[in-house]
Ligand code: HEC
Ligand code: HEC
């Protein structure tokens, strides 16, 4: 087999820098004691392009409440950053982008008749459920973050790099499904149908994701 130079560059960096937190196979060691545990990279919902963005700018830039996932743009050049993302995609989560597309394709479609009802429904459900953690303005600072243990770390959804489709899949299946260690972001599919969850995401997008710069930047192909 021909040598894949980019893969090797990525592998080397991964072993030097990422393995301490994300583990040999993309999974964190049980022994490590983190407040926010590193994601299981073999389950990530992120595309290779989005993975590159998170490695470059760090987790906090894209809405993570914590500062645990550092920005590596000060450490590595453009080629190296892309090489690690490439390595992760090939090594740990090959085919996962396609799986996400398929899950979405099998979700209920929104009919023309349902469309006008979405924002009202979305607002109601957001305020009833999501606000408690994600906050009044979706900044990730809901009441739940002020619990005495400070153990909940929601995302600032105004900064997320997820597309609407991905946000829907994240809410439908929950954080654990997509590689988080804790189950703080539950799967909402037992409680709500696809129409309701798509409505919530539409409401979040229209109401809180006004910063077009971040939005356009994150509007990658699937
Ligand atoms: C100090 C520990 C630490 C190091 C070192 C580290 N990470 Fe992370 N990483 C984290 C944590 C913690 C998260 C989850 C942040 C959150 O959800 O709030 C994360 C999240 C990520 C994500 C997002 C995954 C997803 O599904 O959202 C990617 C991609 C990632 N890391 C890649 C890397 C790469 C590549 C490196 C090495 C260049 C690296 N990380 C080094 C701790 C670390
Ligand atoms: C009990 C607290 C809690 C509630 C309630 C909650 N979330 Fe979350 N959410 C989280 C946490 C914590 C995360 C961070 C990642 C993780 O742990 O999965 C998160 C992450 C997310 C993400 C991923 C953002 C990203 O960039 O990776 C989306 C999308 C999301 N939540 C949507 C929702 C929606 C929609 C609702 C309401 C139906 C909701 N959440 C209710 C705690 C919550």
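Taking every DSSP helix (H) stretch of at least 4 residues in the chain, weighting each as -39,500 (n - 2.57) and dividing the sum by the residue count yields a mean residue ellipticity at 222 nm of -11500 deg cm²/dmol.
Taking neighbour counts of Cβ atoms within 10 Å as a proxy for exposure, in what order, fewest first, do 35, 200 appear? Display every interim value, and only then the final one.
Numbers: 35 9, 200 24.
Arranged by neighbour count, lowest to highest, 35, 200 become 35, 200.
Here the chain is treated as an ellipsoid with the same Cα gyration tensor; its semi-axes, largest first and in whole Å, are 30, 20, 16. The C-alpha atoms of the chain define a longest principal axis, and helix 78-91 lies at about 80 degrees to it.
Exposure proxy ranking for 46, 96, 103, based on other Cβ atoms within 10 angstrom of each Cβ and starting from the fewest, stands as 103, 96, 46. Measure nothing fancy, just the Cα-based angle from helix 194-208's long axis to the longest principal axis of the chain, in degrees from 0 to 90, nearest 10. It is inclined by approximately 80 degrees. When only Cα pairs below 8 angstrom with a gap of at least 6 residues are kept, region 1-160 shows a relative contact order of 23 percent.
Put in order of Cβ neighbour count within 10 Å, fewest first, the listed residues 94, 43 become 94, 43. Identify which of 27, 84, 75 has the largest mean-square fluctuation in a Gaussian network model of the chain, with springs joining Cα atoms closer than 10 Å. Judging by the Gaussian network model, the answer is 75.
Region 151-174 and region 76-109 have Cα centres lying 16 Å from one another.
So what is the relative contact order for region 100-217, in percent, with contacts set as C-alpha pairs under 8 Å and at least six apart? If you can, show how the numbers build up before the last one.
Numbers: 142 pairs, mean separation 36.9, N = 118.
Dividing the mean separation by the residue count of region 100-217 yields 31 percent.
Axis of helix 164-173 versus longest Cα principal axis of the chain: the two differ by about 90°, to the nearest ten degrees.
How would region 33-142 be classified by its alpha-carbon gyration tensor: rounded, prolate or oblate, with rounded meaning a/c under 1.5 and the a/b versus b/c comparison settling the rest? Before the final figure, lay out the partial values.
On the way: a/c = 2.51, a/b = 1.46, b/c = 1.72.
Cα axes put region 33-142 in the oblate bin.
With the cut-off at under 14 Å, measuring from each backbone N in region 23-40 to a point 7 Å along the Cα-to-Cβ line of residue 181 picks out 23-24, 26-40.
Rounded, prolate or oblate for region 96-145? Axes are the square roots of the Cα gyration tensor eigenvalues, ordered a ≥ b ≥ c, and the cut-off for rounded is a/c under 1.5. Each step should come with its number before you reach the end.
Working: a/c = 3.80, a/b = 1.39, b/c = 2.74.
Oblate, because a/c is 1.5 or more while a/b does not exceed b/c.
Each reported figure results from applying straightforward, stated rules to the coordinates on display, with no laboratory input. Computed from a predicted structure; not experimentally measured. Virtual Cβ from ideal backbone geometry, glycine too; neighbours counted across all protein chains shown.
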